[in-house]
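The values are calculated or read from the model by the stated rules, or taken from the named source; none is laboratory data. Quick caveat: nothing in here was measured; it's all calculated off a predicted structure. Reconstructed Cβ throughout: ideal geometry from the backbone, glycine too, with neighbour counts over all protein chains shown.
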Amino acid sequence: MSPRIELRGVSKSFGSLDALAPVSLEVGEGETITLLGPSGCGKTTLLRLIAGLESPSSGEIVVNGTSAQEARRHKQIGFIPQSPALLPWRSVEANARLLLDINRKNSPTTPSAAVGELLDEVGLGEFRDAYPHELSGGMQQRVGLVRAFALDAPILLMDEPFAALDEMTRTDMRHLLGRLCEPLGTTVVFVTHSIPEATFLSDRVAVMSPRPGAVSAMITIDLAHPRLPDIEDTEDFFHVTTTLRAALSAGMNR
Amino acid sequence: MSPSTRRIVAPIVGIVSFGLLWEALVRVFDIRRFVLLAPSKIIAELADAPDYYWSNALVTGRHMVTGLAISLLLAVVVGSLMASSRFVEEATQPVLVLILVTPWVAYITSVVLWLDGGEPTILFMVAFTSFPVFTFGVVGGMKSADPAARELLASVDARRWEVFWRLRLPSAGPSIFTTARFAMGLGLAAAYFSEGSAFVTEGLGYIGQRAAAFNNAEALWATIVSSALLGIVGLFVISALERLVLRWHASQRT
């Protein structure tokens, strides 16, 4: 099976600053890969390159069989930014529909799930007509998830979507995200600095180290699917988090 | 007193006290009628020919609203160009400042000569004097558009006009309404004064100018009060529109 996302020797510098040393990476169809690392390790830059929001300084990126730019143009990518970025003048439902309303000719003609159903699924069914300021932070980010899922894109890119949430909400959100992603077979690239998030959601974790950003280790997460919340209390889960922590500090002390 | 009663009673008390003080000052110090006319006499004059003042106030109101609408339209065009290009912004800013600081009373004669007086002169003056204020409001508002939302729109390859229509223009709403209050003040003054200089035969400014020439203090002061009332009505309309259009904005929540 050919990979959905393929990076060959991709690097990025901003002026004289090397943000990202050459990275090669393949993400298979339906695979969830997490870019895990401290701030400044280039994980967001890497994600933005895949999203076609930046151009690489060198190397080649293939997304869904074409260039990242082309994939972006055809709305093949569901992007979830760090802040929910909801438009305050649009209702919850209108916000959830936003990406469908933009560049409309490339929207899916028969999406697998309607916006309303997705809102029900994330527990926002009763808040369709509410405005963003009436929602809690966790609820706002759930709208952000629905907005991306509504695109029905084969690829989802998430940039630390839960970073601004409190610990408990964060835990709920990763369980929700796991539940949404599992049945879809979507290819996901997830950026985080949270080890439990990386463990719970990923098939593989690319551990990144800073200055310049690079993938210092690639770790396969051998936890069974589907993953349910109580997996976090098992010894296996704990094991993986320990491995990741060790890989992170090894990368830092390189 | 409950807050809602207070909100109605307090302004009335303020205005009535101001009027009484004014009346007392005029009577006690026997002030010349051209310097300050007693409110009782102004009210008598307005009551004497209500249709006359009403129809002329409508003319001035029409001049003001039309001029401001032209100004706002141009400000949205110029402001969007400025918000999307640093160069255009830096090139345009000094010109706007120049228009803003140059006393328009000084060059109105030239405008009258150029446009041959009449309504075009009045509309030009209203639009020209309020244009910089509106433009600064549009630019500031558009630049305040959430960067995360801009990136989100870019992730589905939003066209320029989509970003403008769906994100930048609504983001500018709050600051447009704020600047509209200042623009209206400028526009009303320009309308009044231009009506007195542009060889027209209607409008509060025309009556006021003629009253001054014919030593008719009553008529002069009646136009002063009428234009003040016109300004108050304008502010009410702006506030009402703002409440309607910006329901989503933090400033409209109490």
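Details
- Residues within the range A:238-251 that are aliphatic (A, V, I, L, M) and in contact with a Gly (Cβ under 9 Å, 6 or more places away or on another chain), tallied: 1
- Within the range A:91-109, tally of residues that are within 8 Å of chain B (Cβ to nearest Cβ) and outside any helix (DSSP H, G or I): 2
- Long-range neighbours under 9 Å by Cβ, at least six apart or interchain, first residue away from every other protein chain (no Cβ under 11 Å) within the range B:227-252, second of a type in the set (Lys, Arg): B:Gly234/B:Arg181; B:Leu235/B:Arg181; B:Ile238/B:Arg181; B:Ser239/B:Arg181
- If you go through the range A:34-46 and keep only what is surrounded by fewer than 22 Cβ atoms within 10 Å (Cβ to Cβ) and not hydroxyl-bearing (Ser, Thr, Tyr), you end up with A:Pro38, A:Gly40.
- The range B:211-233, subset surrounded by 14 or more Cβ atoms within 10 Å (Cβ to Cβ), of a type outside the set (A, V, I, L, M, F, W, C) and modelled with pLDDT under 95, residue nearest to B:Tyr52 (Cα to Cα): B:Glu218
- Test: residue in the range B:138-153 that is part of a helix (DSSP H, G or I) and in contact with a strand residue (DSSP E or B) (Cβ under 9 Å, 6 or more places away or on another chain): yes
- Every pair of residues 6+ apart whose Cβ atoms lie under 8 Å, when the first sits in the range A:39-62 and is within 13 Å of another protein chain (Cβ to nearest Cβ) while the second is of a type in the set (Phe, Trp, Tyr) and buried (at least 20 other Cβ atoms within 10 Å of the Cβ): A:Ala51/A:Phe79
- Test: residue in the range B:114-122 that is of a type in the set (A, V, I, L, M) and buried (at least 21 other Cβ atoms within 10 Å of the Cβ): yes
- The residues of the range B:134-175 that are under 28 Å from A:Phe149 (Cα atoms), more than 9 Å from chain A (Cβ to nearest Cβ) and not hydroxyl-bearing (Ser, Thr, Tyr), listed by number, are B:Ala145, B:Arg160, B:Trp161, B:Phe164, B:Trp165, B:Arg168, B:Leu169.
- Selection from the range A:123-151 of residues that are buried (at least 22 other Cβ atoms within 10 Å of the Cβ) and of a type in the set (Lys, Arg): A:Arg142, A:Arg147
- Candidates B:Thr201, B:Thr178, filtered to the one that is in a helix (DSSP H, G or I) and either among the β-branched types (Val, Ile, Thr) or within 12 Å of chain A (Cβ to nearest Cβ) (or both): B:Thr178
- Test: residue in the range A:115-131 that is under 16 Å from the mean Cα position of the chain (by Cα) and more than 22 Å from A:Leu35 (Cα to Cα): no
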